[in-house]
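The values are calculated or read from the model by the stated rules, or taken from the named source; none is laboratory data. Worth saying up front: this structure is predicted, and the values here are computed from it rather than measured. All Cβ positions, even for glycine, are placed from backbone atoms using ideal geometry, and neighbour counts span all protein chains on display. Surface areas here come from the heavy atoms of the whole protein model, side chains and all, with no ligands, DNA or RNA. Shrake-Rupley method; radii C 1.70, N 1.55, O 1.52, S 1.80 Å.
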Amino acid sequence: MSKPIYVLSGPNLNLLGAREPEIYGHQTLEDVQRLCEARASALGREIVFRQSNHEGELIDWIQEAREKAAAIVINPAGYGHTSVAILDALKMVGIPVIECHLSNPAAREAFRHQTYVSLAATGVVSGFGAASYELAVEAAAGLTRPAAK
Ligand code: DQA
């Protein structure tokens, strides 16, 4: 089995389902995890799915992913717009990084139009609700498909 895809979520995403459902939808983060697991499994892959409200913990996991993951899917949430430290960590990983957002930040307030994470991302998936995560997992799997024997 190839290395897993790390699926990391940033602050306030633990409250998905209750948090501004008109923007982020009614599905919980557990629902999103199940969708990602199903999509990964259909592609013969595994995921490691984690959420933290703490910048340093996210950075620890990104550093861990350098050794242990095939690719990273990350919804940095609010930290995407503020964290140079997360950008710096992502620039060190040497594996594909897929940035994902439930909403389409480009269609929202001006302060959401740019993320630091995008500077280190292989690609970005935004605006499809929970399906953004599934599409990001699919992209990560495609970019790191093990070579056929
Ligand atoms: C978000 C968009 C961010 O602007 C916001 O701060 C979030 C969630 C999204 O998934 O749409 O927390 O990353």
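Side notes on the structure shown:
- Candidates Val84, Val125, Val97, ranked by Gaussian network fluctuation over the chain, Cα under 10 Å, top entry: Val84
- Rounded to the nearest 10 Å², the accessible area of Thr82 at probe 1.4 Å: 90 Å²
- Residues Lys91 and Asp60, FRET efficiency given R0 of 25 Å [Cβ-Cβ distance, rounded to 0.05]: 0.95
- Probe 1.4 Å, all protein chains present, accessible-area order of Arg66, Arg108, largest first: Arg66, Arg108
- Paramagnetic reach from Glu22 in the stretch 90-105 [backbone N under 17 Å; point 7 Å along Cα→Cβ]: 103-104
- Surface calculation, 1.4 Å probe, protein heavy atoms: Tyr79 sits at approximately 50 Å² accessible.
- Label zone at Ser2 (point 7 Å along Cα-to-Cβ), backbone N below 15 Å, the stretch 80-124: 95-98
- Considering only Ala139, Ala120, Ala106, the mean-square fluctuation computed in a Gaussian network model of the chain, springs between alpha carbons under 10 angstrom, is largest for Ala106.
- Around the Cα centre of the stretch 5-143, unit charges on the Cβ atoms of Lys, Arg, Asp and Glu (plus for the first two, minus for the last two) sum to a dipole of about 200 debye.
- Three-way shape call for the chain based on the alpha-carbon gyration tensor, with the a/c threshold at 1.5: oblate
- Cβ-based net charge around Leu29, under 12 Å, with every Lys or Arg adding one and every Asp or Glu removing one: +1
- Within the chain, percent of DSSP bridges classed antiparallel, to nearest 5: 0 percent
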